[in-house]
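So the structure is just underneath, and the comments pick up after that.
The values are calculated or read from the model by the stated rules, or taken from the named source; none is laboratory data. Values in this document were obtained by computation on a predicted structure and should not be read as measured data. Glycine also receives a Cβ, built like all others from the backbone with ideal geometry; neighbour counts cover every protein chain displayed. All accessible areas refer to the heavy atoms of the entire protein, side chains included, with ligands and DNA or RNA removed. Shrake-Rupley method; radii C 1.70, N 1.55, O 1.52, S 1.80 Å.
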Amino acid sequence: MKFKHLFVILALFIGLIAIPTATAHADSEDPDAVLPHRISKSQLAKILKDYEDVWSKVTYYKTTRPVSITVKFSDRNDTKTIHKAVVKIPKNTIVSGTKSVLEISKTKTRSIFQFGFDTLSYALMKPVLTNEMALSRQWTAVYAKKMASINKYFVKVNRPAYMPAYSTRPFYKYPGDNVKFSPWNASTDRVKITPDGYVEFTKINPNQDTYRSFNLVPDASAKIHKAHVKGNTRYLYYSHHVKGVGDRQVAKSGPTKYRLAIKNLHRPFTMFDGDQGSFLMSQYQVGRTLYYTRSGGFSA
């Protein structure tokens, strides 16, 4: 079933900004590259006290019926070419997003469900992908005249056990304390945990702009069949080895044959975002490799 009275917003131009398209480098060639700034527990406590809403507010929803959304993709070769594709999201799929009301005029509003940027799994996008497509360029959203229409399709649920707190963004390999890198643009391979329950590992394409730095098809992926949290570590179980993430075989066969450990090291650091503020990053150990992900931010 498709939305009744729902239309796709291909680009939200009020209060939303597409990710910058600077070339990805883990060095000073990137004008946005800065050194990570390690902070202590007391410094983090002071940041949390001085600034409101430091941690990212991530909300999850389950679709109550099939949903069709239109996504805009870049072209792999021509920066001016845009590809539009209708992605079908099945019923009972968990997605990340936000509900809000957009004021069109003094007398006209639109209710919006905005999907988390770059959170759709390869499994969802696979049926529509072509070799010409690169990463999606803009935020994807649906809207209706009344929020009641949005609520019919998206029901709020608790954060899935396989998702980290405060972030739906990918994990990127940590370049090191003494290496400059951009808080905006990725410079290393990534591990992505999607809201609908997939682990994806994708190698970076060096010397490419942001939208072409990662292929839409991951180098390896698996559907998560079980998740267990113990202390600071969440264990994800799936049926086959995902090359690149450092998982372990823990059973002879079955849907939980392999296990990936993702440990929150509670070693946050900040990075100046270039606009009188800083991003708050969290460090994780994925398998045996050190990664980081953006978990929040604050303004100076």
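For this structure, a couple of remarks:
- Charged neighbours of Asn232, selected by a Cβ distance under 13 Å, balance to +4 (K, R count +1; D, E count -1).
- For Arg248, solvent-accessible area (1.4 Å; no DNA, RNA or ligand), Å²: 140 Å²
- Dimensions of the chain from C-alpha coordinates, computed as largest minus smallest value along each principal axis and given longest first, are 52, 51, 43 Å.
- Here, the range 141-270 yields an orientationally averaged convex hull projection of 10.8 nm² when only Cα atoms define the hull.
- Hits among lysines - C-alpha to C-alpha of Lys192 under 19 Å, sequence gap 8 or more where chains match: Lys57, Lys126, Lys173, Lys203, Lys223, Lys226, Lys243, Lys263
- Here the 3J(HN,Hα) profile of the range 202-219, calculated from phi with Karplus coefficients 6.51, -1.76 and 1.60 at θ = phi - 60°, is 9, 6, 7, 8, x, 6, 10, 6, 3, 6, 10, 6, 10, 6, 5, 8, x, 5 Hz, Gly and Pro shown as x.
- Among 107-114, 168-175, the peptide with the highest mean count of other Cβ atoms within 10 Å heads the list, and the full ranking is 168-175, 107-114.
- Carbon/sulfur fraction of accessible area - the range 198-300, other protein chains in place, 1.4 Å, %: 44 percent
- When all protein chains stay in place and ligands, DNA and RNA are ignored, the 1.4 Å accessible-area order of Leu236, Leu135, largest first, is Leu135, Leu236.
- In the chain, helices alone account for a calculated mean residue ellipticity at 222 nm of -1500 deg cm²/dmol, with every DSSP H run of four or more residues adding -39,500 (n - 2.57).
- Under a 5 Å amide H cut-off, with hydrogens placed 1.01 Å from N, Lys226 pairs with Tyr237 among residues at least 5 apart or on other chains.
- Dmax and Rg, reported as Rg then Dmax, of the range 60-157 (C-alpha, Å): 14.5, 44
- The range 92-153: relative contact order as a whole-number percent, Cα under 8 Å and 6+ apart: 35 percent
- Relative contact order of the chain, taken over Cα pairs closer than 8 Å and 6 or more residues apart, is 21 percent.
- Dimensionless Rg/Rh of the range 195-286 - Kirkwood Rh, Rg from C-alpha atoms: 1.05
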